[in-house]
Amino acid sequence: MGDSESSNGKSIDQLPAALLGTIMTKLDVASICSVTATCSNFKSCTSQILSFLTHFHLLDVAPSMGIIRPLLPPNPYLTSLKMHCGQLDDKATDLMLRPSLHELCLYNCADFSGNLLFEIGRHCKDLRSLYLGSVAEKRGRSIRITDLEELLRGCTQLEELVLMFDISLFLRHNFARVWALASEKLISLEIGYISSVMVTELLSPNLRPRRSPNNIQPSILPGIQKLCLSVDYITDTMVGTISQGLLSLTHLDLRDAPLIEPRITVDLTNSGLQQINQHGKLKHLSLIRMQEFLITYFRRVNDLGILLLADKCAKMESICLGGFCRVTDTGFKTVLHSCSSLHKLCVSHGTQLTDLVFHDISATSLSLTHVSLRWCGLLTNNAIRNLTSNVVLKMLDLRDCKNLGDESLRAISSLPRLKVLLLDGSDISDSGVSCLRYGVIGSLVTLSLRGCKRLTDKCISALFDGSSKLQLEELDLSNLPHLSDNGILALARSRVPISELRMRQCPLIGDTSVIALASMQVDEDRWYGSSLRLLDLYNCGGITQLAFKWLKKPYFPRLRWLGVTGSVNRDIVDALARKRPFLHVVTRGEELGVGPWDCSDGTYMHDYDEVDELEQWLREGEEESDDEEMEDAEHNAQVE
C-alpha cells in the first residue's frame, strides 16, 4: 500500500496524519491492524487512533493478554467493546472495563471467575447492553451471589442483559432478593440456563416488601419486554407466573431439555398454554422442547391447548413450537388462520403435521418470510408446493423432512427472495438440484444439502456453472457418500466466493479437494483460497498428511475454523495449530461455527490480500519456529 502512488507522485502513506487518522477511524479493528502491518507511518497513526476509537470489536480471533494490551490503551471515548476472551482471564478485567462503556460483549469467558461480574458493576456504571458468555465454566472457577449483586446494583442504566451461563448454581434463598436491585430500565433479559423453580420464585408477587395501593403486587422486573430462558422444565406454574407478572412482555422464548420424562406437576399442559399472553401484547412466542438428552415431547398438550392459545394470538408475528407431538393439523391450521400478522412459523418434531395444514394457505392474507419445519416427517412435495405461494419467503428450513423430493425443488426455485435453504436428509437428486440454478440460486446466501444420499458430483456442476454472479456464502455438503474430489474441483473452478464450506463424513473427499480449494482464485484481485473462513473436513476418507501442507500459510489466509480427524496424525495437527494460533482446529467431530456473535457491525470490512495482515501484525516479533516443527512432524510421519 505504501508504494501506491497518487496522480501527483506522492504515496498514500505521505498524506497528512490527521487525514489518515480520519480515514482509519472508519475501519473496523481487524482492518486497522491489517493497514498497520503495511508501513511504519500507518503503524504510528494506529497507536494514536486506538486512543479515541468509539468501537472496539475483535471477534474473529482470541487474543492473548500480551496481544490485547497495546490494542486497548487508555481511551475515554470507547463506548462499545466486543471481544473473544478464550485466552484471557481475570487479569484482563482492568484492561477491558472502562467507565465510558455503553455496550460490553465478552464471549467465551470460561477462565474468568465471578469477579468479572463484580468488577463490571464497579467500573461500568453507564452500561446499556451487557453480554457475558461461558463465565467460570473452567474447573476451579466459581461465581458468588455477591458478584451478581454488585453487577445489578452498579449497572443502573442497563437495558439489555444476556448471561449465557448456568445461573442455577446460585443459592435460591438469595436469588430473588438480588434481582430486586436490577435496573428499572431493563427491557431484555436472556439467561443461558436457570431452573424453572428459580424463575417462578424470581417473578412471584410475594417477593416485594410492600404492596401497591390497589393491592396488586408488581413484578420484580416490571419493564421486561423480551425474556429468553433455557430451563430444566417448561411448566404451567412458570408460564403462568411469567404471563401474570411481566405486563409489558412482547417477546417470550422458552426452551427446555429434560433429563427424565417430566411428571405432570413439572410439565406444560393445555392449562398452561391458556395462560400465555394474558395482557395481549405478545408478538413473538417460542416454546421448544429439545431432545438433547432424551427423546421427549410435550405429551400433555393437544389441539385444545393450541386452540386456547390461538384465541390470544391475533397480533402474533412469530410463533415457534417444538416437540408438540399430540397436536394435529387442526391445531397448527388454527394458528395459521388466527394470526393474520404472522411472518415467521417454526415447527419442529411435529409428528402429526401433514400437508393439509398448508392446503389452502394461498387463500389467507399471510406473508410468511421465515418457515422452519424440521423433523416433520409426514410432509410431502404437495405441502411445499402450496407453501411457496408465499413468494416473499426468505428462509426455508426443511431439514429431516425425508419424503421431500425433486418436485419440492421445482416449486422452491420460483422464490425470488430466498436467502437460506436447508434440505438436510431429503430425497432429492442431481436432476432436482439443477432446478435451483435457473431461479433461486442467484439469491441464496446459505444452502445445506447435508445427508442427501442420492446426490453426486453432478449436483455441483448443476448448481455452479460459472455463468452468473452468486451471493452464496455458506455451503454444506456433509455426509454425501457419492461426492468426490471431482465435485470439489468443479466447485473451485466456479469461483463461488464461499466463506463456510462443510464436507464432513464424505468418504471420497481427499487431498485433491484441499489442494483445489487452496489454489482457488475467487477473482483477479484476491489470493488463492482467500474467501474460506470455515472448512470442515472431519472424517473425510481421503485426507492424508499431504493435505496439511496446503493448510499452511500463505494458503487459506482468512481461515478461522478447521475441522479434521485428529487420528490422521496428531503431531501434524498440533504443529498446524501452533503455526496458526488464531485458527480454531477441531479434531473430535464437534460442529464448527463462529459462536453466537455477529461480526457485521455496519463498518467497512477489509479484503485480505496475499497474507492475513491482521495475524501478521498481532504476531509481530514472535519467533517463526513453527515451520520447522511442522516439517519435523511430517518427516516423522513419513518415517513411521
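Rundown of residues vs (1) buried (at least 23 other Cβ atoms within 10 Å of the Cβ); (2) assigned to a helix (DSSP H, G or I); (3) in contact (Cβ under 8 Å) with a residue 24 or more places away in the chain, yes/no style:
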{"position": "324", "(1), (2), (3)": "yes, no, yes"}
{"position": "327", "(1), (2), (3)": "yes, no, yes"}
{"position": "337", "(1), (2), (3)": "no, yes, yes"}
{"position": "353", "(1), (2), (3)": "yes, no, yes"}
{"position": "367", "(1), (2), (3)": "no, no, yes"}
{"position": "376", "(1), (2), (3)": "yes, no, yes"}
{"position": "382", "(1), (2), (3)": "no, yes, yes"}
{"position": "385", "(1), (2), (3)": "no, yes, yes"}
Selection within region 256-281 - within 29 Å of the chain's Cα centre (by Cα) and hydroxyl-bearing (Ser, Thr, Tyr): none
In region 133-142, the residues that are touching a residue at least 12 places away in the same chain (Cβ under 8 Å) and either buried (at least 23 other Cβ atoms within 10 Å of the Cβ) or of a type in the set (Gly, Ala, Ser) (or both): 133, 134, 135, 136, 142
Lone qualifier among 400, 430, 360, 424 - being among the charged types (D, E, K, R), touching a helix residue (DSSP H, G or I) at 6+ places or on another chain (Cβ under 9 Å) and modelled with pLDDT of 95 or more: 430
Residue pairs meeting the criteria (Cβ under 8 Å; at least 6 apart or on separate chains; first open to solvent by 70 Å² or more (accessible area, probe 1.4 Å), in region 54-78; second in a helix (DSSP H, G or I) and modelled with pLDDT of 90 or more): 69/95
Given (1) surrounded by 19 or more Cβ atoms within 10 Å (Cβ to Cβ); (2) within 18 Å of residue 242 (Cβ to Cβ); (3) at pLDDT below 95, index of the condition residue 178 fails: (2)
Breaking point among (1) out of contact with any Phe, Trp or Tyr (no Cβ under 9 Å at 6 or more places or on another chain); (2) among the small types (Gly, Ala, Ser); (3) over 24 Å from residue 159 (Cα atoms), for residue 323: (1)
Test: residue in region 413-421 that is touching a residue at least 24 places away in the same chain (Cβ under 8 Å), over 23 Å from residue 378 (Cα atoms) and part of a helix (DSSP H, G or I): no
Among the residues listed as 362, 408, 434, the single one being among the polar types (S, T, N, Q), assigned to a helix (DSSP H, G or I) and open to solvent by less than 10 Å² (accessible area, probe 1.4 Å): 408
Tally of residues being hydrophobic (A, V, I, L, M, F, W, C) and modelled with pLDDT under 95 across region 497-513: 1
Region 440-460, subset in contact with a Ser or Thr (Cβ under 7 Å, 6 or more places away or on another chain) and modelled with pLDDT under 95, residue surrounded by the fewest Cβ atoms within 10 Å (Cβ to Cβ): 442
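Per-residue answers, yes or no, for (1) open to solvent by less than 50 Å² (accessible area, probe 1.4 Å); (2) modelled with pLDDT of 60 or more:
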site: 557; (1), (2): yes, yes
site: 580; (1), (2): yes, yes
site: 588; (1), (2): no, yes
site: 601; (1), (2): no, no
site: 629; (1), (2): no, no
site: 638; (1), (2): no, no
Filter pass, residue 549 being open to solvent by 50 Å² or more (accessible area, probe 1.4 Å) and either at negative phi or modelled with pLDDT of 85 or more (or both): yes
Hits in region 233-286 (condition: open to solvent by less than 40 Å² (accessible area, probe 1.4 Å) and among the charged types (D, E, K, R)): 236, 253, 256, 267
Number of positions in region 461-495 that are modelled with pLDDT of 95 or more, among the hydroxyl-bearing types (Ser, Thr, Tyr) and outside any loop (DSSP other than H, G, I, E, B): 1
Residue pairs meeting the criteria (Cβ under 6 Å; at least 6 apart or on separate chains; first closer than 15 Å to residue 199 by Cβ, in region 242-264; second surrounded by 14 or more Cβ atoms within 10 Å (Cβ to Cβ) and among the basic types (Lys, Arg)): 256/289
Given (1) without any contact (Cβ under 8 Å) to a residue 60 or more places away in the chain; (2) of a type in the set (Gly, Ala, Ser); (3) open to solvent by less than 40 Å² (accessible area, probe 1.4 Å), index of the condition residue 348 fails: (1)
In region 396-405, residue nearest to residue 482 (Cα to Cα) [restricted to those that are assigned to a loop (DSSP other than H, G, I, E, B) and among the aliphatic types (A, V, I, L, M)]: 404
Residues located in region 416-431, provided they are open to solvent by 10 Å² or more (accessible area, probe 1.4 Å) and either over 27 Å from the mean Cα position of the chain (by Cα) or under 18 Å from residue 471 (Cβ atoms) (or both): 416, 417, 419, 420, 422, 427, 429, 430, 431
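The values are calculated or read from the model by the stated rules, or taken from the named source; none is laboratory data. Here the structure is a predicted model, which means the values were calculated and not measured. Backbone-built Cβ (ideal geometry, glycine too); neighbour counts: all protein chains shown. The area values use the complete protein model at the heavy-atom level, side chains included, leaving out ligands, DNA and RNA. Shrake-Rupley method; radii C 1.70, N 1.55, O 1.52, S 1.80 Å.
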